[in-house]
């Protein structure tokens with residue numbers, strides 16, 4: 001299978017959507033990168049692979065003062081819509097793809113602690129980073145640039161560029177720095193509501209006029225075509241297959257969301273030198289990966305819990321854990337499993353960044 005690249009000119013729906021987005025955020029057109037690929041402030045990724053996505057810097061407007069409402073008050077989000085869930089500062093919040101497709105970056109604050117959540121609709125990837133006011137990256141925007149079809153953010157204080165999927169600053173004064181990750185969970189709105197009916201959800205009251213009910217990229221999520229080139233292709237899976245992947249400095253592995261089945265499953269696995277647990281459910285459309293080795297050296301073994309949302313697994317000590325890896329009952333109640341370098345993305349994007357990815361079967 002060869003992934004085809006097609007032009008926006010051939011896709012009026014997508015071209016129109018991008019034109020509408022570019023009108024709402026200001027910032028002018030993003031210039032093609034002209035800095036060198038090495039040296040102070042230069043690009044740490046191949047500069048030839050950094051492309052102008054079209055709308056320009058801030059042409060896709062980040063949400064800087066997001067509005068939230070209680071889950072029970074949301075009458076707009078459809079049950080099947082995917083949402084990105086976050087547990088931060090003791091609060092659960094959901095960010096629907098319907099909104100994030102049009103804004104990609106949300107700068108939020110809880111208990112005076114800022115964080116940024118980003119979602120790239122072209123690669124289907126979402127991550128959240130803790131933000132330190134003193135470290136000059138308190139607020140992020142959409143740079144208008146892409147690498148491997150993936151979002152490049154920039155921080156407004158230092159104007160450094162950050163690769164979303166690499167989770168690293170790849171150009172500017174902060175080049176080489178990595179952010180502190182916050183665990184995210186992607187699932188459907190119906191599943192999230194069942195998990196956290198009293199949580200908060202991002203409101204469509206964004207201050208921008210967007211067709212939030214309309215997916216801006218046509219049938220992109222199901223076809224084999226890409227809008228922008230990637231540095232590496234691999235046809236072992238359909239390019240738009242949704243996978244949850246984990247990576248280290250040398251290796252990566254993916255688990256297909258469609259392989260977990262109609263009931264919750266756990267996989268006690270070994271990845272590099274790390275013992276991990278993968279928990280997922282295809283019907284309820286969620287997956288997460290945690291380190292199952294505790295700081296005190298204890299190695300836990302997990303089994304699934306089905307029909308007990310938000311609790312999804314238990315360990316051999318009798319502790320019960322929710323989807324965010326928090327023990328909600330048992331002798332270790334209140335502890336949280338260590339997060340891993342893992343997130344959900346489309347297969348073509350994962351393998352473009354992490355070329356030799358293993359596929360779990």
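The values are calculated or read from the model by the stated rules, or taken from the named source; none is laboratory data. Quick caveat: nothing in here was measured; it's all calculated off a predicted structure. Cβ sites come from the backbone with ideal geometry, for glycine too, and all protein chains shown count toward neighbours.
The listed residues are 196, 147, and the only one of them that is in contact with a strand residue (DSSP E or B) (Cβ under 6 Å, 6 or more places away or on another chain) and surrounded by fewer than 23 Cβ atoms within 10 Å (Cβ to Cβ) turns out to be 196.
Condition check ((1) crowded, with 23+ Cβ neighbours inside 10 Å; (2) outside the structural domain of residue 63 (by TED's automatic domain parsing); (3) over 19 Å from residue 240 (Cα atoms)) across all residues:
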position: 80; (1), (2), (3): no, no, no
position: 93; (1), (2), (3): yes, no, yes
position: 107; (1), (2), (3): no, no, yes
position: 139; (1), (2), (3): no, no, yes
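Looking at the range 227-247, is at least one residue loosely packed, with under 14 Cβ neighbours inside 10 Å, more than 22 Å from residue 101 (Cα to Cα) and free of Cβ contacts under 8 Å to residues at least 60 places away in the same chain? Looking for residues that are loosely packed, with under 14 Cβ neighbours inside 10 Å, more than 22 Å from residue 101 (Cα to Cα) and free of Cβ contacts under 8 Å to residues at least 60 places away in the same chain, one finds none in the range 227-247, hence no.
Evaluated against (1) in contact with a strand residue (DSSP E or B) (Cβ under 8 Å, 6 or more places away or on another chain); (2) in contact (Cβ under 8 Å) with a residue 24 or more places away in the chain; (3) buried (at least 20 other Cβ atoms within 10 Å of the Cβ), residue 263 falls short on exactly one condition, (3). For the range 269-276, the criterion of being under 23 Å from residue 90 (Cα atoms), buried (at least 16 other Cβ atoms within 10 Å of the Cβ) and touching a residue at least 40 places away in the same chain (Cβ under 8 Å) is met by none of the residues. A count restricted to the range 87-122 and to residues that are within 19 Å of residue 58 (Cα to Cα) and in a loop (DSSP other than H, G, I, E, B) stands at 3. Would you say residue 206 is under 21 Å from the mean Cα position of the chain (by Cα) and closer than 30 Å to residue 311 by Cβ? Against the criterion (under 21 Å from the mean Cα position of the chain (by Cα) and closer than 30 Å to residue 311 by Cβ), residue 206 does not qualify. Is it the case that residue 298 is touching a strand residue (DSSP E or B) at 6+ places or on another chain (Cβ under 7 Å) and not assigned by TED's automatic domain parsing to the domain that holds residue 164? Answer is no for this residue. Against the criterion of being part of a strand (DSSP E or B), touching a helix residue (DSSP H, G or I) at 6+ places or on another chain (Cβ under 7 Å) and either crowded, with 16+ Cβ neighbours inside 10 Å or in the same structural domain as residue 340 (by TED's automatic domain parsing) (or both), residue 201 qualifies. The residues listed here are 185, 170; of these, the one that is assigned to a strand (DSSP E or B), over 21 Å from residue 59 (Cα atoms) and in contact (Cβ under 8 Å) with a residue 12 or more places away in the chain is 185. The requirement of being touching a residue at least 24 places away in the same chain (Cβ under 8 Å), closer than 25 Å to residue 157 by Cα and outside the structural domain of residue 340 (by TED's automatic domain parsing) is satisfied by residue 67. Restricting attention to the range 173-182, the residues that are more than 16 Å from the chain's Cα centre (by Cα) and either free of Cβ contacts under 8 Å to residues at least 40 places away in the same chain or on the phi < 0 side of the Ramachandran plot (or both) add up to 4.
If you go through the range 266-283 one residue at a time, do you hit one that is closer than 28 Å to residue 249 by Cβ and part of a loop (DSSP other than H, G, I, E, B)? Yes: one or more hits. Scanning the range 322-356 for residues that are more than 22 Å from the chain's Cα centre (by Cα) and either under 20 Å from residue 243 (Cα atoms) or part of a strand (DSSP E or B) (or both) yields a total of 3.
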